Amino acid sequence: MSYVSLTINGVMVTVPKGTTVLNAAREAGVFIPTFCHDPNIPRFGACRICVVEIPGMRNLPASCVTEATEGMEVYTESPAVVEARKTILELLLANHPQDCLTCEKNGDCRLQDYAFRYSVKEAGFKGESKDYPLDDTNPYIIRDANKCILCGRCVRTCNAIPDRSVIDFGYRGFNTKIVTAMDTPLGESDCVYCGRCVTVCPVGALAWKPLAGKGRTWEMARQDVTCTFCDSGCVFEVLSKDGKNVGVIPKASGNGRPLCLKGRLGLELKYLDDPPPPYLKKDGEFAQVSWAEALGLEDILAKLDNKG
Amino acid sequence: MASCKCEQNLESQYQELQKVFDKYRTVQGALIPLLQEAQEIFGYLPGDVMKKISREIGVPFSKTFGVATFYSQFHLKPRGRNIIRLCQGTACHVRGAAKVFEAVSNDLGVDRNETTEDRRYTLETVACLGACGLAPVMMVNDDTHGRLTPDKAIAEIKKYD
Amino acid sequence: MKSLLDKCCEKCTHGPQTPCRDFIKCRKTGPICHDDEACRQKRQNALSDIHLTKGSEKKNILICAGTGCTSSGSRKLVEVLQEELQKHGLTDKIKITITGCHGFCEQGPLMIVEPDKTFYVRVQDSDVAEIVEQNLVGGQVVERLLYKDPNTGEPAETYESVPFYAKQQRLVLHNCGHINPEDVAEYIANDGYAGFVKALLDMTPEEVIEDVKKSGLRGRGGAGFPTGMKWSFVRQATGDKKYVVCNADEGDPGAFMDRSVLEGDPHAVLEGMLICGYAVGADEGYIYVRAEYPLAIERLKIAIAQAEQYGILGDNIFNTGFNFHIKIKAGAGAFVCGEETALLTSIEGNRGMPRVRPPFPAQKGLWGKPTNLNNVETYANVPYILRHGGDNYAKLGTEKSKGTKIFALTGKVNNTGLVEVPMGMTMRDIIFTIGGGIQGGKKYKAVQIGGPSGGCIPEENLDLPVDYDSLTAAGAMMGSGGLVVMDETTCMVDVARFFLTFTQSESCGKCTPCREGTKRMLEILTRICDGEGNMEDLDTLERLGRVVKNTALCGLGQTCPNPILSTLRYFKDEYIAHIRDKRCPAGVCPNLLVYKIDQEKCKGCTKCAKNCPAGAITGEKKEPHTIDTEKCIKCGACLQGCKFNAIYKA
Ligand SMILES: Cc1cc2nc3c(=O)[nH]c(=O)nc-3n(C[C@H](O)[C@H](O)[C@H](O)COP(=O)(O)O)c2cc1C
Ligand code: SF4
Ligand code: SF4
Ligand code: SF4
Ligand code: SF4
Ligand code: SF4
Ligand code: SF4
Ligand code: FES
Ligand code: FES
Ligand code: FES
C-alpha cells in the first residue's frame, strides 16, 4: 500500500493513499464535526459542516469527501472555517424548533453539541421555518420533520436494504423533506420498523416511541447484547435506569447487518423488566398481538404444547 | 397537451400505459420518460399510476415519489385543459412580466400553480421560454405568445376553451 | 435523384447497411466510384438549387420559423405565400425555405429573398401579396417593409447592411436562419459533416484532440474549461464503454442561444458530438434537452432520423468501423439539471441532485462510465475547427479566450436578439453598436451577464474587452452568455432579489448552505425592497454570500450570491437608499413609492378620485387634487387613468 503525508494544522500525518481528509484528521486526533457522514453508508457530502481550508483549493472543501494528497496543507479551525461552520449552524437553527428542553435527543444530539462548541446561541436569522405535523401514528418510531436537518443518513441506510427502501428525499429546495411514498405517515407505509434509520439520525428527528419519556440519555446505563434470532448477529443496547431495564435499541446497522423488528421485540421480551406489548400491522392497522405471534413462534409453541 | 380525460376511459388510459411499458422495457433510466408519458396519458400523475410504474420497472415507490416531486414538470393533482405558462425570466421581468401575471391572475381568479374551478385553465410561471426577444412572453399549451401587455395576455387566453 | 443525398443511379451503393467511405465528398464533387456526366450533372443541379447565385432566375424565400417568429405569426405567412405563388404560377421558380432563428426575433416575422439578401421585417399576412407582385414579379424591393435604423430612419436593403448584423461574426450561427434545419442535404451542401469526415478518414483520435486543443476552444456552458483538455481526459480514462453527452438544458433565464442553434442548425451539434465520439472513443451519445423546448426536440428528432437514414449515424459509419448512436432525453423542469453531475444522474432516472466531484464525469460519468459532457454551443464550434484547423480558429478572440461567443441581448436595449461576436469585443460595442443603444433614449445603468450566477457591469466597465477572465475579474461571469441590459428605471436591489428568487426556487435542497442560505438571503433582500431592512442586513448579506459561495456543494450554490455581491459592490448606494431613506431611486419597489399629484398639471377633473379604490384622493372639482399617502394602497389606478399626466411616482 502506498502512503501520503500531509499536514493538519501544521502537524505532519501519514495515511494510506485514498484516505479522506476527515479520516486523516481523526487519525491525528483532530476534531472535525460531521452530520451526514457515516463510514458504513455511501458518501453524500451534503451538510457541509465538515468543511476545512486547504490552500490552493477553490472554496472550502468538505473533508469527508476530499481525498488527502501528498503535501496537502489542511486547516480545520481557520477563521474562514469557523465563520462557515457558525453560519451553517445558525442556518440550521433558524429552521429548527428551539426545543432542546423536552427533546428526547437532548444530551446526545450533534446539532446541540456543535452549537455549544462553536457558541452559536441562537438562530441569527429570522424568517420562515418549517412547520410539519408530528408523525407518531405508529407504535415504534416518532418522526419530527421539523427537527430533521436533511443529512440523508436515514434514507441511505434504509435504501441499503433494497426491498425496504421505504423513505427517500421528496420535493425540492427549501421544501425538501424525507418522505415515504406519497408522503404518508410512516405507519401507512411499508416500513418494517427495523430502526436502522433511528440509529443513524444525528439529531432528534427520529426517536423510539417505546422509550419516550422513560429517561434522559445521561441517566441511562447501557449494555451491549447480540441478537441470536438469525445469523446476522445484530448488536443492540439494553438501556437501564435506576437498575431497571427500560428499553432495547439497535446499536448500529453495521455492514450486512439488516436489523429487524422481530429481533428487537425478542430482546425486549428477554431483557426488559416490564416489556411493552408488541404490535403488528394487520389489514393496514396496528393491533396489539401476543408475544408468540409477534415473534412468529405460534406454530412452535403449539407443537410444544401438544408434546406437553 | 393535457386535455380533459374523464373517468370512463380510465381503462383505456391504463391500456395505453401498458403499451408505454413495452416501449421502455429495455431502456436504461426509464423512470423519468415513463412518468412523462404517463402524465401525457392521464393529464397528471395519480398515486396508483406511480405505484404501477414503480412495480413495473422495479424502482422503490418512495423513489418514484421523490423523483415526481423534484421536477416541476410533474403534477400530482389534475390540471386544467389549458396550461398557461407566464414567463417570469430576467428579460421578461425587466419588461413588466410581473404586471402581466398580476392581471391574468386577477382575471382568472387563481394564483400561481392553481387551476380555475371549471378546469379551463391552470396558471403557471416559468423562468424563460427562450423567446426573450419578444418579452414579455407566455405559452398557452404549445403556443408561444410574445410582446404581451396585460390586456393582450388576457385576450389571447380567452381564445382557448 | 430528388435530393442531393439520393442515389444518382443504380451504381451508387451507399446506404446504412452498405456504407460508402466517400459518401459526403461524392455528393458534392462526385460521382467517385463511377464516371458518368449525367450523374455529375444531377449533383450539381441539386447543389445549385441550394446555392442560388446572384441574378439567378430562381429565388429562394427564407421564412423564419424559430420560436420567436412563429409566435409572431410566421407559419401563417408560409401558407399565404404558397397561395400567392400558385396564383402567379411561380411555384417552379420560387422555393420557400423554412428556417430557424435569425437572432433578430424582435423584428419578426422575418422574410428574406435570396440570392438578393433582401431583408423584410415584421411581415404580416397582408404584406405577402405586395412582396410577390412588387418584388418577385416586378423586381422592385418593397421599401416600407425594410428594416429602418431607429435613430436615423435609414432603410437597410440587405441583412448585411443592418447594423445589428454588420458587426457580428457569425461562425456558429452561420447556417441559422439560412438553411432548412429539417433537410440534412442543405447542411451538407453548406460544408456540413466535412469536418467529421476529415476527422474520421484522415486523422487519428489523438490528432483530433490535438487540433481542438490548438484551437483554444473553451466550454461555452459557463465555466470555460478547455475543451481539448476535457476530451483528452476522457480519451485517457479506462473503460470499455464511454459516453458523449450534450448539455442542452439551457435554463439560464434570459438566454436562448442553445435553443436557436438546436432549432436552426441541429446537424452542427450532431456533427460536433460525432467528432467528439470519435476522438474520445465513445459510441453512444445523449442530448439532454430542456422540457420547455418542444421545437428544438422536434428538430433534433428529425435531424437524427435523417442522419441515420443516410448512414451518418449508426454502425460502421462510412465503412470505417466507427459506430455512433445519439438519443434524446427530455428534461423535466429543474434548472439544477444543467449542472453536469445533476444532469447525468437525471438521465439515469434520479432526482437531479448534484454529486460531489471528484470523481469527475470524465472518470465516472453516466452509469459510472467515462463521459464527455459539453454544451450545445461548444459542440457547434467543433465542425468549424476541424474544417479550418485549430490554428486558424485560434486567430480569433483574445489571448486566453478564442473564437466567438453568442450572446442573448435582451432587456432595455433597442435591438434585442442573438448576437455572435469575436471574444474581446467591448461591452460598449455590443450594447451600443450592435444593440443600438438603450430603448427610449434612457440612461444606461448596467448589464447583467451570466444570469443567476453572474454579476453586473456598470458604466465604468463598459470598455472592458469581453472574455472569460475579464468578466470574472469584474465580479461577473461569462455563464451561458445572457446579457440583460438595464437602464435608470431598473432597481438593482430588485434585480438581486429577482435572481435570488430564481436560485432559491431552483436549489435542489441537498446541501445546507444553499438550501437554507438562499432562503435567508432572499428574505433579507425582500425586507430591504419593502423598506424594512437595516444597515446590519448588508453585513449579513455579505457574510452569507461569502459562506454560501465557499461551502455549497455545486455551482448553483457557489455562484448564486454573485448577483448580490456584485450589486453591493457597484450599487451599494441603492441599497442604502432603500434602507436609510426608505426610497427606491429607480422607482420600482412598490412599497417605497409614493404617488403624488403635480399641482401644476392637475385640472381637477376628479377622475382619479373616482378611480381610487382606497378613497385616498380628495379635492374640489376644478381644483388640484391631493393623495393621502397613508391611505394610498399603491395600486396605480389613478396614474393609469389621468389624462393630463398629472400623477407621478416618487
Ligand atoms: C446550476 C448550473 C446550471 C448549469 N446550466 C447549464 C446549462 O444550462 N447548459 C450548459 O451547457 N451548462 C450548464 N452548466 C455548466 C455545466 O455544469 C457544465 O460545466 C457544462 O455543460 C460543461 O460544458 P462545456 O465545457 O462545454 O461548457 C450549469 C452549471 C450549473 C452549476
Ligand atoms: S434535535 Fe437536538 S438541537 Fe434539536 S431540539 Fe432536539 S436536542 Fe435540541
Ligand atoms: S425503520 Fe427500517 S424500514 Fe422503516 S424507514 Fe427506518 S430504516 Fe426504513
Ligand atoms: S431524519 Fe435524521 S437521519 Fe434522516 S435526514 Fe433527517 S436528520 Fe438525517
Ligand atoms: S435483529 Fe433481525 S436481522 Fe438482526 S440478528 Fe436479529 S433477527 Fe437477525
Ligand atoms: S448548491 Fe444548491 S443546488 Fe447545488 S447541491 Fe447544494 S442545494 Fe443543491
Ligand atoms: S385625474 Fe388627473 S387631472 Fe383629474 S383630478 Fe386626478 S390628477 Fe387631477
Ligand atoms: S459530514 Fe462532510 S458534508 Fe456532511
Ligand atoms: S425571459 Fe421570458 S422568454 Fe426569456
Ligand atoms: S425566431 Fe425568427 S429571428 Fe428569432
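Computed quantities for the displayed model
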{"read-out": "Solvent-accessible surface (1.4 angstrom probe) belonging to C:Cys20, in square angstrom, nearest 10", "value": "40"}
{"read-out": "Probe 1.4 Å - accessible area at A:Leu101, Å² to nearest ten", "value": "150"}
{"read-out": "With DNA, RNA and ligands ignored, accessible area of B:Thr116 (1.4 Å probe; Å², nearest 10)", "value": "20"}
{"read-out": "Most mobile of A:Val248, A:Val13, A:Val235 in a GNM of chain A (Cα contacts under 10 Å)", "value": "A:Val13"}
{"read-out": "C:Ile32-C:Lys167 pseudo-label distance in nm [points 7 Å out on the Cα-to-Cβ vector]", "value": "4.4"}
{"read-out": "Dipole moment magnitude, nearest 20 debye, region C:394-527 about Cα centre, only Lys, Arg, Asp, Glu C-beta charged", "value": "340"}
{"read-out": "Accessible area expressed per residue, chain C, with surrounding protein chains retained (probe 1.4 Å, Å²)", "value": "37"}
{"read-out": "For region A:74-92, residues shielded by at least 10 square angstrom of accessible area compared with the chain on its own, probe 1.4 Å", "value": "A:Glu83, A:Ala84, A:Thr87, A:Ile88, A:Glu90, A:Leu91, A:Leu92"}
{"read-out": "10 Å binning of all Cα-Cα separations within the protein assembly as shown, expressed as whole percents from 0 upward", "value": "2, 9, 16, 21, 20, 15, 9, 5, 2, 1, 0, 0"}
{"read-out": "Neighbour cut-off at most 16 other Cβ (10 Å), DSSP loop, chymotrypsin sites (Phe, Trp or Tyr not before Pro), region C:394-476", "value": "none"}
{"read-out": "Accessible-area ranking of A:Trp291, C:Trp231, largest first, probe 1.4 Å", "value": "A:Trp291, C:Trp231"}
{"read-out": "Links that overshoot a 31 Å alpha carbon limit, given the list A:Lys209/C:Lys549; C:Lys7/C:Lys395; A:Lys105/B:Lys77; C:Lys301/C:Lys549; C:Lys7/C:Lys59; C:Lys329/C:Lys510", "value": "A:Lys209/C:Lys549; C:Lys7/C:Lys395; A:Lys105/B:Lys77; C:Lys301/C:Lys549"}
{"read-out": "Farthest toward positive dipole pole in region A:94-191 [+1 Lys/Arg, -1 Asp/Glu at C-beta], among A:Tyr140, A:Phe169, A:Ala123", "value": "A:Ala123"}
{"read-out": "In region C:416-491, trypsin sites (Lys or Arg not before Pro) in a DSSP loop with at most 15 other beta-carbon atoms within 10 Å", "value": "C:Lys442, C:Lys443"}
{"read-out": "Difference of contour (0.36 nm per residue) and Cα-Cα distance, C:Lys148 to C:Leu201", "value": "14.3 nm"}
{"read-out": "Residue-span extension gain [C:Glu308 to C:Val137] - 0.36 nm each, minus C-alpha spacing", "value": "57.5 nm"}
{"read-out": "Environment charge at C:Thr238 (Cβ cut-off 14 Å; Lys +1, Arg +1, Asp -1, Glu -1)", "value": "+4"}
{"read-out": "Whole-Å distance, taken between Cα centres, linking region C:69-141 and region B:68-99", "value": "34"}
{"read-out": "Chain C: DSSP helices with Cα axial extent of at least 24 Å and average Kyte-Doolittle hydropathy no lower than -1.0", "value": "C:512-529, C:535-551"}
{"read-out": "Size of charge dipole - region A:3-77 - debye, nearest 20, with Cβ of Lys, Arg +1 and Asp, Glu -1, no other charges", "value": "180"}
{"read-out": "A:Cys260, B:Cys132, ranked by accessible area, largest first (probe 1.4 Å)", "value": "A:Cys260, B:Cys132"}
{"read-out": "Peptide-level mean, for C:344-354, of C-beta atoms on other protein chains within 10 Å", "value": "6"}
{"read-out": "Test item: B:51-64 mean partner chain Cβ contacts at 10 Å", "value": "4"}
{"read-out": "Cα→Cβ-extended label distance, 7 Å offset, between C:Lys327 and C:Thr626, nm", "value": "7.3"}
{"read-out": "Net charge of neighbours whose Cβ lies under 9 Å from the Cβ of A:Ile41, counting Lys and Arg as +1 and Asp and Glu as -1", "value": "+2"}
{"read-out": "Check: the protein assembly as shown dipole with +1 on Lys, Arg Cβ and -1 on Asp, Glu Cβ, in debye", "value": "1020"}
{"read-out": "Which of C:Cys337, A:Cys100, C:Cys9 is most accessible, then next, and so on - probe 1.4 Å", "value": "A:Cys100, C:Cys9, C:Cys337"}
{"read-out": "Given charges at Cβ of Lys, Arg, Asp, Glu: the protein assembly as shown dipole, positive-most of C:Tyr393, B:Ala103, C:Ile112", "value": "B:Ala103"}
{"read-out": "Candidates per trypsin sites (Lys or Arg not before Pro) in region C:31-106, loop by DSSP, up to 10 other Cβ within 10 Å", "value": "C:Lys54"}
{"read-out": "Accessible-area composition of chain C, carbon plus sulfur, in percent [1.4 Å probe]", "value": "48"}
{"read-out": "222 nm mean residue ellipticity, helices alone, for the protein assembly as shown (DSSP H n ≥ 4; -39,500 (n - 2.57); rounded to 500)", "value": "-10000 deg cm²/dmol"}
{"read-out": "Spacing of the two label points (7 Å from each Cα toward its C-beta) at A:Lys121 and A:Leu134, in nm", "value": "2.9"}
{"read-out": "Environment charge of C:Ala614, counting only residues whose C-beta is closer than 14 Å and scoring Lys/Arg +1, Asp/Glu -1", "value": "+1"}
{"read-out": "C:Lys11/C:Asn392 FRET efficiency (R0 35 Å; Cβ-Cβ; nearest 0.05)", "value": "0.40"}
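The values are calculated or read from the model by the stated rules, or taken from the named source; none is laboratory data. Everything numeric in this text was worked out from a predicted model, so none of it was measured. For neighbour counting, all protein chains shown are included, and Cβ atoms are generated from backbone atoms with ideal geometry for every residue, glycine included. Just the protein is used for accessible areas: all its heavy atoms, side chains included, with ligands, DNA and RNA removed. Shrake-Rupley method; radii C 1.70, N 1.55, O 1.52, S 1.80 Å.
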